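Below you'll find the structure, written out as C-alpha cells, and then a few comments.
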Amino acid sequence: MILLTSFEGGLAALWVASGLLTAELVHTPRDRWAPTLIACALASIVATGLFGLGWGIAPPLALLNMGESIVAALLLRRWRPSHDFLESVDGVIGLLLAAAAAALVTAIPAGLLSGIATGRAFYGEARGWLLGHGLGVLTAAPVFLLLVQGEFARWLREASTLRRVEAAGHALMMVAVSLLVFAQDALPLLFVPILPLMLVTFRLERVGTAVAIVILAVIGGVLTALGKGGTYVMPGSVPDHVRLFQGYLAATVLTVLPVAAELRLRRATLDRLADSEARYKLITESATDMIVTLDAAGVVDYVSPSAREVTGFAPEEMIGLTPAELACGPDRATMQSAIDAARAHPGERSIIEYRAENAQGERRWYEAHTRAAVAEGRITGWVSAVRDISARKALEARLAHAATTDPLTGLANRRKFDSILDRRIEAADSGCIALFDIDFFKRVNDAYGHAIGDLVLETFARAALGCVRAGDHVARLGGEEFGLILPGATLDQAAMVCERVRLAVAEAETLTPCGTAVRVTVSAGLVAIRPGAARLQLMRAADEALYRAKASGRDRYAVAA
C-alpha cells in the first residue's frame, strides 16, 4: 500500500493492514493481544522506515496504527459482542462507525507527524489518513473477519461442487469486469462493476460480497495508482484520482454490504421459518386435535389430517369454507365472538365450546382454542385447535346431576331445591312450596330396619311424582323430609296437590322381603311464595305450618298464616 498509494512521499492513500489487525483483535481474547500487536508494530516500523516517511517517524506512526486497530476492535466488541457484524444492517452500520471513529481519533496526530516529516499542510495529511485508513478498515475488515471466524472454511466445506464452480465463475467475472473498467481511461464505466457485484451479493451473500469487494479494491486501486481507470475521464493528478477512487469504493462498499447483511438476515429468517414449518407440520399431523387455520378473511385454508378422527369429515371437504358453513363448525355468532376475543388480545387464546354435527349426523360437543396469527403488527389469520369433548360434557352432566340429585330416591336434593326456590322468589308468578314429613318414620326403621325405611322413602317419591304437574318440582330435603315447589300455583291449587299427595301416600304399600305390607302417612306445611321474601323466612313459615299439622293429629296439611 505504501509503494502503490504514497504519492510524492506522503501517507498511503489506502491502508488495508488495519482492517486485518482489527479483525484479528476482534476475534482474539484481549489477554492474547500482545504478541499480535508487537508483531504488527514491528512490521509497521520496518515498512515505514524502508518505504515510507523514514525511520524517525516510523515508531510513532506504528503506535498510531496499533491504536487505530485497538480503538476499532474495542468499539466493535462492545457494540456487537456476538461478532455478527455482517449478519444485519445495524451490524454493518456498527462496523462503519467503528472504522470511522478509530480513523478520526488517530487522524489528527497522524496529520501532525506527516506534516512535520513532509512539510505539507496538516489538514491535507489528516484528511488523507482519515480517508485512507477508514476506507481501508471498512474494505478489508469484512474479508478478514470472515476469514478469522472460519466462515470461508465453513463455506468451502458445506458448498457443493456446483456451488464452488459457480463461485469461481463469479470471481472470474468480477476480475474481468474490474480489469475492463480500470484498464482503460477513455470511457466512464465506473457503474459497470455494480451489476456483477450485486449479482454476487444475491447469489453468494456475504462471503462472495467480501471477496468481490477485495477484487474490486485491489484491481481498481492498483490500476488507478498506475494512472489508469474510469476516473481518468476527468482531468486531475494521480492523487486526485486516487481520492476519487476512494470515494467510489466507499460508496460501493456502503451499497452492497447492507444488502448482503439483509440477505443474510432474510435467509436466516427463511431457515427458521422452514424449521418452524417442519415442526408445525409434524405436530399437526401427529396431534389428536384437529388443527384449522383461517386466512385474514376467516376462510379455512388448512385442516390437519386428524379431522377425520375428530369430525369424520375429510380435510379437503373443509378448505375454502368459513367455520360457520361447516356442519362440524360453530355457528357464525359463536365463531365471531372467538375471533373478536383473539383480535382484542392477539397474544392470548380464546376458548369456545359449541355443539355441531359430525359426518354421521350425531350432535357432538366440541372445544376450539383460537389464537390470532400476527405478522409485523397486523393479524394475518387465525389458528384453531378443535377437539371432541362430548365424553367430558357427558361426565360433567352426570356429575352435575349427581351433585343435585338424591341418590336413593332420584329426586332433586336440598341444594337443587334451594336453587329453584331462589329463582321462583324472583319470578313474577312465584307459586307455593310445601314441606312433607313422613309420620312416625322412626317406628318404621325400628320395626323393619333401615333397608325397609329406604323403600318407604322411595314409595313416597313415586307417589308424589304421580300427583304433581309437569312443571312442579319434588325434592328430598334430608331424612324423611321432602319439599314441593309448585310454580304459579295459588294456595287453593297447591292445597289440592298436597291433598292428592297425602292420599296417594296413605294408599301406597311398601312390601318387605317377607311379604308384609307397610303403610305410612304424611303431614305437610304449605306457604305461598312472596316475591322478594327471604328463602329462610319462607322455609321457616312452611316448617311452622308442618309442625301445626303434626300437632293437630298428623296425616293432614296446614297452611302458613
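Can you tell me which residues in the stretch 544-561 are open to solvent by less than 70 Å² (accessible area, probe 1.4 Å) and part of a helix (DSSP H, G or I)?
Matches in the stretch 544-561: A545, L546, A549, K550.
When both residues are 6+ apart or on different chains and their Cβ atoms are under 7 Å apart, which pairs have a first residue that lies in the stretch 474-499 and is aromatic (F, W, Y), and a second that is open to solvent by 10 Å² or more (accessible area, probe 1.4 Å)?
Matching pairs, first to second residue: F482/V474; F482/R476.
Can you name the residue in the stretch 366-378 that is in contact with a Ser or Thr (Cβ under 6 Å, 6 or more places away or on another chain) and of a type outside the set (V, I, T) and, of all such residues, is most open to solvent (accessible area, probe 1.4 Å)?
A373
Show the residue pairs meeting these rules: Cβ distance below 8 Å; 6+ apart or different chains; first residue within the stretch 108-132 and without any contact (Cβ under 8 Å) to a residue 24 or more places away in the chain; second residue of a type in the set (G, A, S) and open to solvent by 50 Å² or more (accessible area, probe 1.4 Å).
Going by the 8 Å Cβ cut-off, the qualifying pairs are G115/A121.
Out of the residues in the stretch 314-328 that are open to solvent by 40 Å² or more (accessible area, probe 1.4 Å) and of a type outside the set (A, V, I, L, M), which is modelled with the lowest pLDDT?
Keep residues of the stretch 314-328 that are open to solvent by 40 Å² or more (accessible area, probe 1.4 Å), which gives 316-317, 319-321, 325, 327.
Checking the rest, the ones that are also of a type outside the set (A, V, I, L, M) come to 316-317, 320, 325.
Values: E316: 91, E317: 91, G320: 91, E325: 87.
Ranking the qualifying residues of the stretch 314-328, first place goes to E325.
Can you name the residue in the stretch 24-53 that is open to solvent by 60 Å² or more (accessible area, probe 1.4 Å) and over 25 Å from S6 (Cβ atoms) and, of all such residues, is modelled with the lowest pLDDT?
By that ranking, first place goes to H27.
For the stretch 379-400, how many residues are assigned to a helix (DSSP H, G or I) and touching a Ser or Thr at 6+ places or on another chain (Cβ under 8 Å)? Lay out the reasoning, then the answer.
The first filter runs over the stretch 379-400 and keeps only residues assigned to a helix (DSSP H, G or I), leaving 390-400.
Next cut, touching a Ser or Thr at 6+ places or on another chain (Cβ under 8 Å) only: none.
Here the count works out to 0.
Does any residue of the stretch 284-292 turn out to be at pLDDT below 80, part of a helix (DSSP H, G or I) and surrounded by fewer than 16 Cβ atoms within 10 Å (Cβ to Cβ)?
First, the residues of the stretch 284-292 that are at pLDDT below 80: 284-287.
When the remaining residues are screened for being part of a helix (DSSP H, G or I), the result is 284-286.
Among the residues that remain, those that are also surrounded by fewer than 16 Cβ atoms within 10 Å (Cβ to Cβ) are: 285-286.
So far as the stretch 284-292 goes, yes, one or more of its residues are at pLDDT below 80, part of a helix (DSSP H, G or I) and surrounded by fewer than 16 Cβ atoms within 10 Å (Cβ to Cβ).
Pull out all pairs, ordered by first then second residue, where Cβ-Cβ is under 8 Å, the residues are six or more apart or on different chains, the first lies in the stretch 65-86 and is farther than 23 Å from G111 by Cβ, and the second is of a type in the set (F, W, Y) and at pLDDT below 90.
L76/F85
The conditions are (1) part of a helix (DSSP H, G or I); (2) modelled with pLDDT under 95; (3) under 60 Å from the mean Cα position of the chain (by Cα), and D492 fails exactly one of them. Which is it?
(3)
Test of understanding: among V522, V474, V468, which residue is over 60 Å from the mean Cα position of the chain (by Cα) and not basic (K, R)?
None of the other options fit; the residue is V522.
Every residue in the stretch 54-107 that is open to solvent by 20 Å² or more (accessible area, probe 1.4 Å) and within 18 Å of A13 (Cβ to Cβ), please.
L64, A100, L104
Show me the helices (runs of 4 or more DSSP H) found entirely inside the stretch 140-240 where at least 2 residues are hydroxyl-bearing (S, T, Y) and surrounded by 15 or more Cβ atoms within 10 Å (Cβ to Cβ). Write out each step before concluding.
Numbers: elements: 151-158, 161-182, 194-225.
Hits in the stretch 140-240: 194-225.
Consider A338 against the criteria (1) more than 16 Å from T370 (Cα to Cα); (2) touching a strand residue (DSSP E or B) at 6+ places or on another chain (Cβ under 8 Å): it satisfies all of them except one. Which criterion is unmet?
(1) is the only condition that A338 fails.
With the checklist (1) in contact with a Lys or Arg (Cβ under 7 Å, 6 or more places away or on another chain); (2) open to solvent by 30 Å² or more (accessible area, probe 1.4 Å) in hand, flag the one item D340 doesn't pass.
(1) is the only condition that D340 fails.
Would you please name the residue that is surrounded by the most Cβ atoms within 10 Å (Cβ to Cβ), looking only at residues in the stretch 241-262 that are of a type outside the set (A, V, I, L, M) and modelled with pLDDT of 80 or more? Even if it seems obvious, please write down each step before you answer.
The first filter runs over the stretch 241-262 and keeps only residues of a type outside the set (A, V, I, L, M), leaving 241, 243, 245-248, 252, 255, 258, 262.
The next check asks that each one be modelled with pLDDT of 80 or more; those that pass are 241, 245, 247-248, 252, 255, 258, 262.
Working: H241: 21, F245: 25, G247: 12, Y248: 19, T252: 20, T255: 13, P258: 19, E262: 16.
Among those residues, the one meeting the criterion is F245.
Filter the stretch 114-171 down to the residues that are under 26 Å from Q246 (Cα atoms) and of a type in the set (S, T, Y) and list them by number. If you could, list the steps in order and put the result at the bottom.
Pass one, the stretch 114-171, residues under 26 Å from Q246 (Cα atoms): 114-148, 170-171.
Once the filter is applied, which keeps residues that are under 26 Å from Q246 (Cα atoms) and of a type in the set (S, T, Y), the stretch 114-171 yields S114, T118, Y123, T139.
Against the condition open to solvent by 80 Å² or more (accessible area, probe 1.4 Å), modelled with pLDDT of 90 or more and either under 19 Å from A394 (Cα atoms) or more than 26 Å from the chain's Cα centre (by Cα) (or both), how does R363 come out, does it pass? I'd like the intermediate steps shown before the answer.
Details: open to solvent by 80 Å² or more (accessible area, probe 1.4 Å): yes; modelled with pLDDT of 90 or more: yes; either under 19 Å from A394 (Cα atoms) or more than 26 Å from the chain's Cα centre (by Cα) (or both): yes.
Spelling it out, R363 is indeed open to solvent by 80 Å² or more (accessible area, probe 1.4 Å), modelled with pLDDT of 90 or more and either under 19 Å from A394 (Cα atoms) or more than 26 Å from the chain's Cα centre (by Cα) (or both).
A quick yes/no check of all residues on (1) of a type in the set (A, V, I, L, M); (2) at pLDDT 85 or above:
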{"position": "I339", "(1), (2)": "yes, no"}
{"position": "H345", "(1), (2)": "no, no"}
{"position": "I352", "(1), (2)": "yes, yes"}
{"position": "R378", "(1), (2)": "no, no"}
{"position": "S390", "(1), (2)": "no, yes"}
{"position": "D406", "(1), (2)": "no, yes"}
{"position": "A412", "(1), (2)": "yes, yes"}
{"position": "R423", "(1), (2)": "no, yes"}
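Given (1) open to solvent by less than 50 Å² (accessible area, probe 1.4 Å); (2) out of contact with any Asp or Glu (no Cβ under 8 Å at 6 or more places or on another chain); (3) not aliphatic (A, V, I, L, M), where does G111 come up short, assuming only one miss?
(2)
Output the residues belonging to the stretch 473-486 that are open to solvent by 20 Å² or more (accessible area, probe 1.4 Å), within 17 Å of V527 (Cα to Cα) and out of contact with any helix residue (DSSP H, G or I) (no Cβ under 6 Å at 6 or more places or on another chain).
E481
Please work out which residue is least open to solvent (accessible area, probe 1.4 Å), limiting yourself to the stretch 380-415 and to residues that are over 30 Å from M318 (Cβ atoms) and without any contact (Cβ under 8 Å) to a residue 12 or more places away in the chain. Quick ask: steps written out before the conclusion?
Just the residues of the stretch 380-415 that are over 30 Å from M318 (Cβ atoms), to begin with: 398-415.
Going one step further and asking which of them are without any contact (Cβ under 8 Å) to a residue 12 or more places away in the chain, we end up with 398-402, 405, 407.
On the way: R398: 143, L399: 106, A400: 55, H401: 112, A402: 65, T405: 21, P407: 128 Å².
Per the criteria, the residue is T405.
The values are calculated or read from the model by the stated rules, or taken from the named source; none is laboratory data. Everything numeric in this text was worked out from a predicted model, so none of it was measured. Reconstructed Cβ throughout: ideal geometry from the backbone, glycine too, with neighbour counts over all protein chains shown. Each accessible area value is taken on the protein alone, full model and side chains, heavy atoms only, with ligands, DNA and RNA left out. Shrake-Rupley method; radii C 1.70, N 1.55, O 1.52, S 1.80 Å.
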